[in-house]
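The values are calculated or read from the model by the stated rules, or taken from the named source; none is laboratory data. These numbers come from a predicted model, not from an experiment. Don't worry about glycine lacking a Cβ; one is built from the backbone with ideal geometry, like all the others, and counts go over all protein chains shown.
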Amino acid sequence: MHTIFMLIEVLLSGAAGFCAKACDEFCERKFSSKKIAILAAIIYPLTLAFLTSTTPLSSLFLALAIASIFAGKIDHYMHLFSLSLYTLLVLVLPLNFFSLPLFALFLASAFLDEIKIPFKCFSFFSKNRLFAPLAAFFIFLFSGQYIFLIALASFDMAYRAFKVLLKYRAGASGPQAASKKTRGSAKSTYAPPPPFLSYKPFSLEDAQAKEPSLQKPPMAQNSPLSPIPLIRKKIKKKKPAPQKITSKKARKKQKKRQGKKSHSKRKKK
């Protein structure tokens, strides 16, 4: 029976750590399911309150809750709801196995896990939050109580497991989402061929646009055929040179024409 109760305590500690990490990820906007986050925010204070009231882990979880409050981790309405539910249940339920020395030891170690220690020799322990497990290990060495060490390990492993599960889920959904996007873009960019009536034959202008060698050379600006000439000079037409007349009949005709022209000029005067 003792082992069964201990197994229940370990499983409940893991469930509390898993649900606490779900709330953390929702508060940091890395987890989008609000329903699961609300359910987790209800489950983990209930499990912690049960363990605080009915098991020797009361001093451990009370110390962790107080240290998180002073560290400023209650910065979201989801954590505030869980904390208020936990404090209400702790005030109502009796603390059967509370130990003040163990509470003081775990409270000091939890504070060391939450704050940043400037010394390099302790930076590894503060980054990985190993002060509380070290305190549980010392309790196991001096008193033989290993339930604190196992409960902390279960809580921490479940806490990290949710983060790994979230990364795996994001990596698995990434290629599928990318393939859906590419399919959608392919459908949207597809254009049907033009109908027969809207077909335009290949013209000379298209050929000249593709091959500049087919284009006409530009006309000179001063040429009379240019569209915008700078200076247009009046070109006088030259009269053809008179041909030499050799025959007598042609000479008579020419004299008659000259006589008619001179007669018309006299009339005008």
For the range 37-47, indicate whether the set of residues that are assigned to a helix (DSSP H, G or I), under 24 Å from the mean Cα position of the chain (by Cα) and either without any contact (Cβ under 8 Å) to a residue 60 or more places away in the chain or buried (at least 22 other Cβ atoms within 10 Å of the Cβ) (or both) is non-empty.
yes
Out of 18, 26, sole residue that is under 27 Å from the mean Cα position of the chain (by Cα), closer than 21 Å to residue 85 by Cα and part of a helix (DSSP H, G or I)
26
Tell me, please, whether a residue that is modelled with pLDDT of 90 or more, touching a Leu at 6+ places or on another chain (Cβ under 6 Å) and not aromatic (Phe, Trp, Tyr) can be found in the range 158-170.
no
Among (1) over 25 Å from residue 8 (Cα atoms); (2) out of contact with any Phe, Trp or Tyr (no Cβ under 8 Å at 6 or more places or on another chain); (3) of a type in the set (A, V, I, L, M, F, W, C) - the single one residue 78 does not satisfy
(2)
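Residue-wise test of (1) of a type in the set (Lys, Arg); (2) exposed (fewer than 13 other Cβ atoms within 10 Å of the Cβ); (3) modelled with pLDDT of 55 or more.
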site: 126; (1), (2), (3): no, no, yes
site: 135; (1), (2), (3): no, no, yes
site: 172; (1), (2), (3): no, yes, yes
site: 197; (1), (2), (3): no, yes, no
Can you name every residue in the range 49-68 that is in a loop (DSSP other than H, G, I, E, B) and either at pLDDT 90 or above or of a type in the set (Ser, Thr, Tyr) (or both)?
55, 57
Pairs with Cβ under 9 Å, 6+ apart, first in the range 116-144 and free of Cβ contacts under 8 Å to residues at least 60 places away in the same chain, second exposed (fewer than 11 other Cβ atoms within 10 Å of the Cβ) and assigned to a helix (DSSP H, G or I):
130/124
